[in-house]
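Participant: Sharing a structure with you now.
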Amino acid sequence: MFAFLRKSPIFPWVGNRLRSARNGETDPAVLRGLACGAHLKYANGDRWNTVADPHPAPKWERTRLRSMWGVTSAEQWHEMVQELLDGQISTPLWDMAMGARAALLVRQEGAPVSEQTWNDAVGRRLVDSLGPHHPELRGTATAVGQIITRVPRYEARFREDGLLAPDAHVRRTLAWDLGRAANMACWGVDAGFAHPDEARQALHAIGTAAAEEYDTWPDFSLGYVLGRCLHFDEDSFGPWYREVRDSHRLLTTHRGSPWMTVPLRD
């Protein structure tokens, strides 16, 4: 599933802009949900605090949703928003592996978790959930093993680049799905698949989920960054990483950032 960006090589100035509307949304719960989509809003040059584009292009939006997300109707839009909200598009296997590590870190009182210990813990979880003779057990274990190898590499780079504290870890990648869910909610309105109030209801739920899973906006952002890297970067630390590294730095420090004005938690 590709995360399509609006910015175009023909009009490069459209993207990488932090923008807001004077007459944007005012409900704090909706604004929190919109703030979850800040990375993509910034990359696309969209106003972060609006549910609907003031100058929508429904035909273009529908074409984009069909080609990049397979969404062709209001029903499919509803389903996609819900699946993203539930973390079922990209993140289930990633977060299962990371949840196992989080439990080990608690058990070991923060002491480093070896790759072997982590693999063993995930293996037990897979056997418990799938059964010891499930036909997909071996393939799933192989996929999780790759995640266990990749995540520490990215975290090491995050520390090197100043995104992650020396002793910290990224706890979940659910933010990757939640951030895209926030944008999907708005795209549905622009495509004519949803009423603005439907999008606001979805954004309310998205913001609530983010507040339940993350303590701070930087924590949320790191979950988004890691999810994007696992999805697209292929361990190259290329543009897929550098773009969100830079937007993370801006969104966590710039006074015009939604994360500086909208609290994640009440």
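Participant: What figure, in Å² to the nearest 10, do you get for the accessible area of THR72 with a 1.4 Å probe and non-protein molecules left out?
Facilitator: Approximately 80 Å² for this residue.
Participant: Another question, then. Please compute the contact order of the chain in relative form: average sequence separation of alpha-carbon pairs under 8 Å and at least six residues apart, divided by the residue count, as a percent.
Facilitator: Relative contact order for the chain comes out at 27 percent.
Participant: Moving to a separate point now. State the percentage of accessible surface on segment 77-119 attributable to carbon and sulfur atoms; use a 1.4 Å probe and exclude ligands, DNA and RNA.
Facilitator: For segment 77-119, the apolar C and S fraction of the accessible surface comes to 51 percent.
Participant: Within 10 Å, count the other beta carbons around each residue, average over each peptide in 164-176, 57-69, and list them highest first.
Facilitator: For the peptides 164-176, 57-69, the packing ranking is 164-176, 57-69.
Participant: Going by Cα centres, segment 251-266 and segment 20-41 are how many Å apart?
Facilitator: 10 Å
Participant: In addition: Using Cα centres only, tell me the gap between segment 85-144 and segment 157-187 in whole Å.
Facilitator: 19 Å
Participant: Return the calculated 222 nm mean residue ellipticity for the chain, to the nearest 500 deg cm²/dmol, obtained by summing -39500 (n - 2.57) across DSSP H runs with n ≥ 4 and dividing by the residue count.
Facilitator: Value at 222 nm, helices only, nearest 500: -19000 deg cm²/dmol.
Participant: Where in the chain are the DSSP H helices whose alpha-carbon span along the long axis reaches 20 Å or more and whose Kyte-Doolittle mean is at least 0.5?
Facilitator: 92-107
Participant: Sum up the charges of everything whose Cβ sits under 12 Å from the Cβ of THR117, counting Lys and Arg as +1 and Asp and Glu as -1, but leave THR117 out.
Facilitator: Net charge around THR117: +1.
Participant: At 0.36 nm per residue, minus the direct Cα-Cα distance, what do GLU160 and ALA111 gain on full extension? Give it in nm, one decimal, please.
Facilitator: 15.6 nm
Participant: If I take the Cα coordinates of segment 154-253 and project them onto the principal axes, what are the three extents in Å, biggest first?
Facilitator: Taking the Cα atoms of segment 154-253, the three principal extents are 44, 27, 22 Å.
Participant: Then there is this: Which distance in nm do the two modelled labels at HIS134 and PHE232 give, with both placed 7 Å along the Cα-to-Cβ direction?
Facilitator: Placing both labels 7 Å beyond Cα along the Cβ direction yields 3.0 nm.
Participant: Rolling a 1.4 angstrom probe over the protein heavy atoms, how many square angstrom per residue are accessible across segment 36-132?
Facilitator: For segment 36-132, the solvent-accessible area averages 50 Å² per residue.
Participant: Can I ask one more? Rounded to a whole number of µm²/s, how large is the Stokes-Einstein D of segment 77-155 at 25 °C and 0.890 mPa s, given Rh as the Kirkwood radius over C-alpha pairs?
Facilitator: 180 µm²/s
Participant: Which one is right for this structure if Cα extents along the principal axes in Å is calculated from it: [x] 71, 39, 37; [y] 67, 40, 38; [z] 53, 40, 39?
Facilitator: Label [z] holds the value from this structure.
Participant: How long is segment 31-170 along each principal axis, judged by its Cα atoms, biggest number first, in Å?
Facilitator: 53, 41, 21
Participant: So, one more: Enumerate the amide H contacts of ARG19 below 5 Å, restricted to partners 5 or more residues apart or on another chain; note that Pro and chain-start residues carry no placed amide H.
Facilitator: TRP48
The values are calculated or read from the model by the stated rules, or taken from the named source; none is laboratory data. On a predicted model such as this, the values are computed, not experimentally measured, just so you know. In this analysis, Cβ positions are derived from the backbone assuming ideal geometry, glycine residues included, and neighbour counts consider all displayed protein chains. Each accessible area value is taken on the protein alone, full model and side chains, heavy atoms only, with ligands, DNA and RNA left out. Shrake-Rupley method; radii C 1.70, N 1.55, O 1.52, S 1.80 Å.
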